[in-house]
1. Treat segment A:313-367 as a sphere of radius equal to its Kirkwood radius over Cα pairs and apply Stokes-Einstein at 4 °C in a medium of 1.567 mPa s; give the translational diffusion coefficient in µm²/s, rounded to a whole number.
2. Looking at the protein assembly as shown, what % of its DSSP beta bridges pair antiparallel, to the nearest 5?
3. Normalised by the residues of chain A, what does the relative contact order come to in percent, with Cα pairs under 8 Å and at least six apart?
4. Please list log₁₀ I(q)/I(0) at q = 0.16 Å⁻¹ for segment B:203-359, using the Debye equation with identical point scatterers on the alpha-carbon positions.
5. How far apart, in nm, are two points set 7 Å out from the Cα along the Cα-to-Cβ line at residue A:21 and at residue A:329?
6. So what's the convex hull volume per residue for the Cα atoms of the protein assembly as shown, in Å³?
7. Report, in whole Å, the centroid distance computed from the Cα atoms of segment A:346-362 and segment A:133-210.
8. Could you work out Rg/(2.2 N^0.38 Å) for chain A, with Rg from alpha carbons only?
């Protein structure tokens, strides 16, 4: 894969980019960042919210209309195509490459970008940084104060992430007043391109501070050249990818790493009537199907507390028979390549010697008779269901996954959540929610337990 | 590791008798599977070894092995039931649902009480939980599987009972008793190695005695009898890295056996690079390098036929691809990754085997390797008769591992991280 660099609304992709030409394209970075910061937090929030509305409008357009997300290309000369019509073809290609369905992308865009309102974005800054003033400062002003220094250029490495989560990571850097250089993996490159190219239409202020660089994953020299311009790196990927980028980051750069994580779900024995149980099962079905279970918030195992109305086998049966069909119709699985299918088949078959297997149209639910810690999974809609004796036993089981635990969905009394959060915080747990919400984190979610803005900010006390 | 269900012990003596009968029949089947090789003085070497096994004969034996496993391996029966297959009603035993080789990491898959195991071969891996365990009630089927195809694909020009200098780049089986490969090397040394000659050069601390090995190679280079080198691919690379100035020219018709890849090793070397090193450092002709494909979950081995074909005066015909041929008692198929339905030659899918020599475990296994059966395109380019290959195929080409690279979200298969 050759090295490519482009900007939305720029002169076109530079497919012969060199470190020298990269430096030249960044020559006016300070001026661009200054213009972005001149908007202030509220101004940037307004622009980001406007971008989100543009995408949400595209999602909500009538299917088949030329301006609908993913609609077929409209007939006629290219000039007659709306921006969205052209984007649709690109998104279809991007979904194919990313292995997700258009319906999934549309759902994810609604869920994620739907939280990007001006008020919510400003509230996020206030919540994490104590107010907008910390960012909207003029360093030349006299007087003692504490200021928050955002990165000048944030390198966003999107190696492995669900697409809208990657877009949100970029958006949060803009919110802080940072320019962004996005380095997507091959399978995300087209969706990132679609997102960035939309800036030219929906957010030119953000287009002016956004670059995308594509290259082979093992192009260390190029990665080092990219990182040399960034005073902050945000890395979404495997632990190996994180290590590789940490090795090329500038010594003075902030590095925020989102590496390996795993999530689970729990069904308590008591505290739910049949209606609540059905609702919980529908929620778990959504958690399983969202992003085809490939997100760090996707449950790999559902633990069923003993003594409840359903054992693992019955839970599996009801998930398959009652809860999954409607979700599968709404969120069809992405196109899966032979490697995914093979891994999935081998994983399920290997466990059929121990577990009963219940299959829906797109998912497999494996019901075990014994409990076990979280184990690696083939993902792609394969859920393990295991019994657990009690909440205490659940805690002991999940602690074995420390420090990689991410989220836990709890079906049962709401009061359980706080206790589980307290007992599993040191295992990495940073989100406890209701079933159905796992892949719908709020904008304020403290990704990996660190906050989403705080890790990128340097605090300076000027006395 | 989960313990399997215990087989019904109520009529153990009857089952033992049946098992001994079957084991004996299988040993005879394997011993008679190939036509005897003729020495070069009597007839030119044929392009392919001649098989005495017919598809019907294989099916009959497979049916017996499968019936034995259905009677004595409740885990497998339950598995088949969950897949919707009644093992007792299969028209073709090759339709028995294959068990993923990964299952050998999770369960002891045996058609006998594991406490009676005489050997346990494990796959490579960094933790015990990460390694398959293949238990054997007897090593006789495994022993019987080793020599016949090796003789025909690695030593076909040296007569029916060759004796050759052997150098092994691996520890002895006694030093690493859970390695099926090292056991095989020991068996080959015992069967074909020159009596009294040193074959192994690893100390009890499993470090290689490099000076002794180099000395042995140099001494053999000065003789005129061919030498056989046996080793995993990475062992040769390790030797070459340790002794960068090693240059010997082994005698003409010396040949080299290599197997395995570089999974988990510190560096990888391409096949072309490796074979070039064999020639440059050891003087081995490229045509006399034989690749082998097997795994701890199998009892049989597949070989590249290139050496035999070169000695028989035929071009490789593989066009650079590594084509492997099974022995007549081990059927190979390629399965659709989603449905596990058999695919025709030319299509890529998961590699699966029905290995009769897996008498006391599970004969039907599916690996995590992707491959395809190479279609036969010209008369004579496929082994005649039954050689474990579907009709119209001349061998198996591997395309690498299927599993472990697919996850693209931020939740990944993190087996190693979650290991206790």
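Bear in mind that the values in this text are calculations on the coordinates, not laboratory data. Treat the numbers as computed from the prediction; the structure is a model and nothing was measured. Neighbour counts are summed over all protein chains in view; Cβ atoms, including those assigned to glycine, are modelled from backbone coordinates with ideal geometry.
1. Details: Rh = 12.0 Å.
Roughly 108 µm²/s, to the nearest whole number.
2. On the way: 45 of 104 bridges.
Taking every DSSP beta bridge within the protein assembly as shown, about 45 percent pair in antiparallel fashion.
3. Numbers: 896 pairs, mean separation 80.7, N = 463.
Across chain A, relative contact order equals 17 percent.
4. Computed log10 I(q)/I(0) values: -1.04.
5. 5.2
6. Per-residue hull volume (Cα only) is 202 Å³.
7. 42
8. Values: Rg = 22.9 Å, N = 463, 2.2 N^0.38 = 22.7 Å.
Its radius of gyration relative to the 2.2 N^0.38 Å reference: 1.01.
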